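K.L.:
Shown below is the structure under consideration.
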Amino acid sequence: MKICVPTMGPAGIEEDICQHFGRAPTFTIVDLENGDVAVLPNVSEHMGGVGLPTETIFAAGVQVMIVGGLGPKAVQAFSQANIEVFVGAAGTVKDAVDDWKSGMLSRADMDNACRDHRH
């Protein structure tokens, strides 16, 4: 299973979580089956590139997103792609994955989406 966390940089499992999904400089992907960690740059239009940040995640074959928060458009896009999203993450990627495994994070839905992120 591949889990993705929006992050502040290239430090992998020890990197800090970026609290703004779409503007995260990187996305860190942890493969729970083999322990591999990959860091992908955010090349979306939010970062001066093209496309949406969700497209990067779709292409990576992620099954679960763990975020601090995200907007309603991202919640909807991940739902349509059958990617589970959990909100409330803080700290490092390791912290977020541990919290998810412990059931401490909430499933994302339109009620807990960040209302300031409608772009």
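Each value in this text was obtained by applying a stated rule to the coordinates, not by laboratory testing. Computed from a predicted structure; not experimentally measured. Counting neighbours? That spans all protein chains shown, and the Cβs are built from the backbone with ideal geometry, glycine included.
K.L.:
Of all residues in segment 1-52, how many are β-branched (Val, Ile, Thr), out of contact with any Ser or Thr (no Cβ under 9 Å at 6 or more places or on another chain) and more than 18 Å from ALA81 (Cβ to Cβ)?
P.N.:
1
K.L.:
Can you tell me how many residues within segment 53-94 are closer than 18 Å to ILE13 by Cα, surrounded by 18 or more Cβ atoms within 10 Å (Cβ to Cβ) and either of a type outside the set (A, V, I, L, M) or out of contact with any strand residue (DSSP E or B) (no Cβ under 9 Å at 6 or more places or on another chain) (or both)?
P.N.:
3
K.L.:
For residues in segment 1-47 being touching a Gly at 6+ places or on another chain (Cβ under 7 Å) and polar (S, T, N, Q), which is nearest to ALA89 (Cα to Cα)?
P.N.:
The selected residue is GLN19.
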